[in-house]
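Novice: The following block contains the structure, expressed as structure tokens.
The values are calculated or read from the model by the stated rules, or taken from the named source; none is laboratory data. Treat the numbers as computed from the prediction; the structure is a model and nothing was measured. As a convention, Cβ positions derive from the backbone with ideal geometry for all residues, glycine included, and neighbour counts pool all protein chains shown. In case anyone asks, the SASA skips ligands and DNA or RNA and just uses the protein heavy atoms, side chains included. Shrake-Rupley method; radii C 1.70, N 1.55, O 1.52, S 1.80 Å.
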Amino acid sequence: MLDHFLVRAVLGAVGVAFAAAPLGVFVVWRRMAYFGDATAHAAILGVALALAASVPVFAGTLLVSLGMAFAVAGLTKRGVGADMVLGVASHAALAFGLVAVTLVEGPRLDLQAYLFGDILAVGKTDLALIWGGAILVWILMVWRWQAMLLATLSPDLAYASSVDPEREKQVLMLALALVVAVAIKIVGALLIGALLIIPAAAARPFARTPEQMVIGAVGLGVCAALLGLWGAWEFDTPAGPSIVCAAAVIFAISTIFGRKSHS
Amino acid sequence: MIPLIQARELLVKRGSTQILRDVDFQIAPREIVTVVGPNGSGKSTLLKALIGAVPIAQGKVTRKTGLRLGYVPQSLQIDPSLPMTVGRFLNLPRKSPRAERDLALAEAGAEDLADRQLTDLSGGQFQRALLARALLNRPELLLLDEPTTGLDQPGQAAFYRRIETVREQLGCAVLMVSHDLHVVMSASDRVICVNGHICCEGHPEVVAQAKEYRALFGSGTGGALALYRHQHSHDHDDSCDHAHGEQT
């Protein structure tokens, strides 16, 4: 069954939607959209370094994304304007990544694959990495869920309950880097942020608790993945952007219905 | 008597600025202590240092082993993208049995708020939800950081009366930051006047006469203190939030 490329593509896309959901909600709640982008863009640089050092791309993207996350978090904590630091880091990482990849691979390289994903080329090893990564992300998030929620709500309340919000932030960054490394093959570095935020945002109008919002984000994310893949197959469009388009349409519908059900 | 929490020669810095220095502080079981001081004087920082939320540059904070504390922060900025009912909020970071949650909600006067979204609450309702969460673990020490910010005067009076009732029921100590001088003075066993360090402390009447205190707050508060004492016998119902046209 796994021998058919479409089956692998579907499983890959669903795996990424599954991994992105529990992190996406935190990215939304903590207003880390730009932070997620910076981490994702750094993955391109990770690809270049991995190719140069002949190590697996997964390892390269994971390490560089993680490094980026901690570097940016460290800088913003020291009182430098967060928005400014993220703006610099996000674009600089992307530009350096693109230059580095071209230097390593030569101009014949298909940059599109790293920017927008290459879902139809997903192999069995990629699938194993995607689902292994997704399961690891879920283990981390379930383990730290309560503490992370409290730290997101109020660092002071967290301290008063003997929860260290800094530690929770580090776990979150680790999980974020994992999702980036898992997702780059499917949607590419440019659109990982969209896959994190849009399903979570689409789930918001129907959720009364944080848990409901995660479950909604999983469901809508998987829907977007399947719809997007079907669209890509039907209209011969690139798969990664098609998935994000599907997610955006779902978000629009959810927002309209959410408004109505409130009034 | 063993103090619940004790600070010795505390120094707290933000960057290279000293926020608090030479702070010696302790609070005994059942004691009600109020921290007063001008804006930016380090009142909130003192509370945060005691719960471990700000790093301490020098000195030491020791707690009674196994101290149960409840903390009510000044305010919370909750992102509207985060769905959270009051009932769910009470289950952070540990899930509590239904009966305990209901009890804490009732004690805080928030029994009808369990299913409401945190972002939909009025200022007074939000404070009661925060108080309910602080009461969940039956605290021996209740820390309140300007808990009535944003409440109108009847709302403030009602909240403080509620704190008194809670203290009688639980027998806990209360450490409160406030700048509602007249409200605070009457109920406290001890007042600490902070302005970067502890300027003066003692019984409310003594502190109100101290020259350090008068230099910070002027001498007009004596009259306000008397005024509040009269107010104290007034009967304001807790449903004062109705004045804003809200459902409680």
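Novice: Applying the selection to segment A:36-58, what residues are assigned to a helix (DSSP H, G or I), free of Cβ contacts under 8 Å to residues at least 12 places away in the same chain and surrounded by fewer than 20 Cβ atoms within 10 Å (Cβ to Cβ)?
Specialist: Correct list: A:ALA53 only.
Novice: Does segment A:174-185 contain any residue that is within 14 Å of another protein chain (Cβ to nearest Cβ), in a helix (DSSP H, G or I) and not small (Gly, Ala, Ser)?
Specialist: Within segment A:174-185, not a single residue is within 14 Å of another protein chain (Cβ to nearest Cβ), in a helix (DSSP H, G or I) and not small (Gly, Ala, Ser).
Novice: Given the criteria among the aliphatic types (A, V, I, L, M), outside any loop (DSSP other than H, G, I, E, B) and more than 13 Å from chain A (Cβ to nearest Cβ), does B:ALA110 qualify?
Specialist: Answer is no for this residue.
Novice: Could you check segment B:6-91 for strands (runs of 3 or more DSSP E) lying wholly inside it with 1 or more residues that are more than 12 Å from chain A (Cβ to nearest Cβ) and under 22 Å from the mean Cα position of the chain (by Cα)? Before the answer, list the steps.
Specialist: Numbers: elements: B:17-27, B:32-36, B:58-63, B:69-72.
By residue number, B:17-27, B:32-36, B:58-63.
Novice: What residue, among those in segment B:57-78 that are farther than 19 Å from B:LEU141 by Cα and touching a strand residue (DSSP E or B) at 6+ places or on another chain (Cβ under 6 Å), is most open to solvent (accessible area, probe 1.4 Å)? Step through it out loud before you land on a result.
Specialist: Restricting attention to segment B:57-78, the residues satisfying the condition of being farther than 19 Å from B:LEU141 by Cα are B:57-59, B:75-78.
After this cut, where a residue has to be touching a strand residue (DSSP E or B) at 6+ places or on another chain (Cβ under 6 Å) as well, the list is B:57-59.
Working: B:ALA57: 57, B:GLN58: 112, B:GLY59: 49 Å².
Here the answer is B:GLN58.
Novice: What residue, among those in segment A:101-111 that are in a helix (DSSP H, G or I) and out of contact with any Ser or Thr (no Cβ under 8 Å at 6 or more places or on another chain), is least open to solvent (accessible area, probe 1.4 Å)?
Specialist: Ranking the qualifying residues of segment A:101-111, first place goes to A:VAL101.
Novice: Here are some residues: B:ILE19, B:ILE27. Which one is buried (at least 17 other Cβ atoms within 10 Å of the Cβ), out of contact with any helix residue (DSSP H, G or I) (no Cβ under 7 Å at 6 or more places or on another chain), among the β-branched types (Val, Ile, Thr) and modelled with pLDDT of 90 or more?
Specialist: Every option except B:ILE27 fails the conditions.
Novice: Mind telling me which of the residues A:ALA252, A:ALA200, A:ALA232, A:ALA189 ends up being within 19 Å of the chain's Cα centre (by Cα) and assigned to a helix (DSSP H, G or I)?
Specialist: Answer to the check: A:ALA200.
Novice: As an exercise: evaluate B:ARG88 against (1) touching a residue at least 40 places away in the same chain (Cβ under 8 Å); (2) among the basic types (Lys, Arg); (3) surrounded by 17 or more Cβ atoms within 10 Å (Cβ to Cβ); (4) over 16 Å from B:MET176 (Cα atoms) and give the number of the one condition it does not meet.
Specialist: For B:ARG88, the exception is condition (1).
One line per residue, one yes/no per condition, for (1) modelled with pLDDT under 95; (2) open to solvent by less than 40 Å² (accessible area, probe 1.4 Å):
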position: A:ALA113; (1), (2): yes, yes
position: A:PHE116; (1), (2): yes, no
position: A:ALA134; (1), (2): no, yes
position: A:ARG144; (1), (2): no, yes
position: A:ILE192; (1), (2): yes, yes
position: A:LEU195; (1), (2): yes, yes
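Novice: Continuing with this model, one more query. Looking only at residues in segment A:118-132 that are open to solvent by 50 Å² or more (accessible area, probe 1.4 Å) and within 23 Å of A:LEU172 (Cα to Cα), which one is farthest from the other protein chains (Cβ to nearest Cβ)?
Specialist: Among those that are open to solvent by 50 Å² or more (accessible area, probe 1.4 Å) and within 23 Å of A:LEU172 (Cα to Cα), it is A:ALA128.
Novice: Would segment A:74-84 turn up any residue that is outside any helix (DSSP H, G or I), more than 14 Å from every other protein chain (Cβ to nearest Cβ) and not charged (D, E, K, R)?
Specialist: The answer is yes; a qualifying residue exists.
Novice: Hey, does segment A:76-88 have a residue that's over 18 Å from the mean Cα position of the chain (by Cα) and at positive phi?
Specialist: yes
Novice: So, in segment A:26-56, of the ones that are over 16 Å from the mean Cα position of the chain (by Cα) and over 18 Å from A:ASP118 (Cα atoms), which residue ends up nearest to the other protein chains (Cβ to nearest Cβ)?
Specialist: Filtering segment A:26-56 for residues that are over 16 Å from the mean Cα position of the chain (by Cα) and over 18 Å from A:ASP118 (Cα atoms), the one nearest to the other protein chains (Cβ to nearest Cβ) comes out as A:LEU49.
Novice: State whether the residues of segment A:193-215 include one that is in contact with a Ser or Thr (Cβ under 9 Å, 6 or more places away or on another chain), more than 29 Å from A:ALA43 (Cα to Cα), within 14 Å of chain B (Cβ to nearest Cβ) and hydroxyl-bearing (Ser, Thr, Tyr).
Specialist: Yes, some residue in segment A:193-215 is in contact with a Ser or Thr (Cβ under 9 Å, 6 or more places away or on another chain), more than 29 Å from A:ALA43 (Cα to Cα), within 14 Å of chain B (Cβ to nearest Cβ) and hydroxyl-bearing (Ser, Thr, Tyr).
Novice: Being in a helix (DSSP H, G or I) and surrounded by fewer than 22 Cβ atoms within 10 Å (Cβ to Cβ) is the filter here, so list the residues in segment A:157-167 that pass it. Outline the logic, then answer.
Specialist: Of the residues in segment A:157-167, the ones in a helix (DSSP H, G or I) are A:157-160, A:165-167.
Scanning segment A:157-167 gives A:TYR159, A:PRO165, A:GLU166, A:ARG167.
Novice: Now, a different point. For segment B:65-86, what are the residues that are among the charged types (D, E, K, R) and touching a Cys at 6+ places or on another chain (Cβ under 9 Å)?
Specialist: B:ARG68
Novice: Tell me which of these A:ARG167 doesn't satisfy, since it passes every other one: (1) within 14 Å of chain B (Cβ to nearest Cβ); (2) more than 21 Å from A:GLY67 (Cβ to Cβ).
Specialist: (2)
Novice: Quick one: which of B:GLU164, B:GLU168 is assigned by TED's automatic domain parsing to the domain that holds B:GLY40, free of Cβ contacts under 8 Å to residues at least 12 places away in the same chain and not hydroxyl-bearing (Ser, Thr, Tyr)? Spell out how you get there, then give the answer.
Specialist: Working: B:GLU164 fails: free of Cβ contacts under 8 Å to residues at least 12 places away in the same chain.
When all the criteria are applied, what remains is B:GLU168.
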